[in-house]
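A quick write-up on the structure given underneath.
The values are calculated or read from the model by the stated rules, or taken from the named source; none is laboratory data. Since the model is a prediction, treat every value here as computed from it, not as a measurement. Ideal geometry is used to build each Cβ from the backbone, glycine not excepted, and the neighbour counts take in all protein chains shown. Quick note on the areas: whole protein, heavy atoms, side chains included, nothing else; ligands and nucleic acids left out. Shrake-Rupley method; radii C 1.70, N 1.55, O 1.52, S 1.80 Å.
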Amino acid sequence: TGMAPGSVSITMPEGIEAYDGRDMAFLRLGTAGGLHPKTNVGDFVITTNVDRRESTSDKIMGPLYTARASPEAVSILTAVANELKQPIQQVHVGPSMVTDELYFFNQWLQNRYAGNEELRQAEIPDVLAVSMEFSVLCALRDRYNMDFDKNIKTGNLLAISDVPLSTEDRVDQTGFEGLMELVENVQIRTGLETLAWLNQQR
């Protein structure tokens, strides 16, 4: 879809409307910043629901919208990722955050929470990771399912590429570079197997 909510809101509808069938599945395979102490570089996060810090999904579904992954996608992604993960990886399942800004948002996270675990626990207690797209996939799924009688499912498999709240003096992806080929290979295989299982359930 490209990067960030605006790109998703353009490309995903084009994909949906190019297909005449009713049943579809969209899986987001991407990277994310780890927000929870138990997430490490190279780990996978499978999103259940989204802490929305963007406004694009408001325009699609309204400001009170709750973005959640399709349960079937969460279940299959979790099973396949745990089967295929490498010894260096853990699979985490839970909420993630979506923002519409990347670099300065990471700096804001650093300034607000780094070294202050008590404040992070109070304000974002269960959020595992931050990325930029998935809430809009959920909103578009729900809009098309509701208004156009589609049966679209969505899932989100994120690889932790950096840890913005690390006490180290960096928020870049240096530690991920050596793992990237291995992690991406497992991530793509997990996505493809999940799509195959979802297709069998139609």
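List of remarks:
- Flag if Ser57 is buried (at least 22 other Cβ atoms within 10 Å of the Cβ), at negative phi, assigned to a helix (DSSP H, G or I) and among the polar types (S, T, N, Q): yes
- Which listed residue, of Asp51, Asp43, is over 15 Å from Met132 (Cα atoms), among the acidic types (Asp, Glu) and open to solvent by less than 50 Å² (accessible area, probe 1.4 Å): Asp43
- The set of residues from region 62-110 being over 18 Å from Leu140 (Cα atoms), in a helix (DSSP H, G or I) and without any contact (Cβ under 8 Å) to a residue 12 or more places away in the chain comprises Ser75, Ala79, Asn82, Glu83, Tyr103, Phe104, Trp108.
- Residue within region 157-175 that is modelled with pLDDT of 95 or more, among the charged types (D, E, K, R) and at negative phi present: no
- Counted residues, region 80-108 - those being among the hydrophobic types (A, V, I, L, M, F, W, C) and within 12 Å of Phe44 (Cα to Cα): 6
- Residue in region 105-117 that is surrounded by 20 or more Cβ atoms within 10 Å (Cβ to Cβ) and out of contact with any Phe, Trp or Tyr (no Cβ under 8 Å at 6 or more places or on another chain) present: yes
- Only one entry of Asn199, Asn151 meets the criterion of being closer than 20 Å to Arg22 by Cβ and modelled with pLDDT of 95 or more, and that entry is Asn151.
- Search result, residues across region 2-29 that are at positive phi and either in contact with a Gly (Cβ under 9 Å, 6 or more places away or on another chain) or open to solvent by less than 40 Å² (accessible area, probe 1.4 Å) (or both): Ala4
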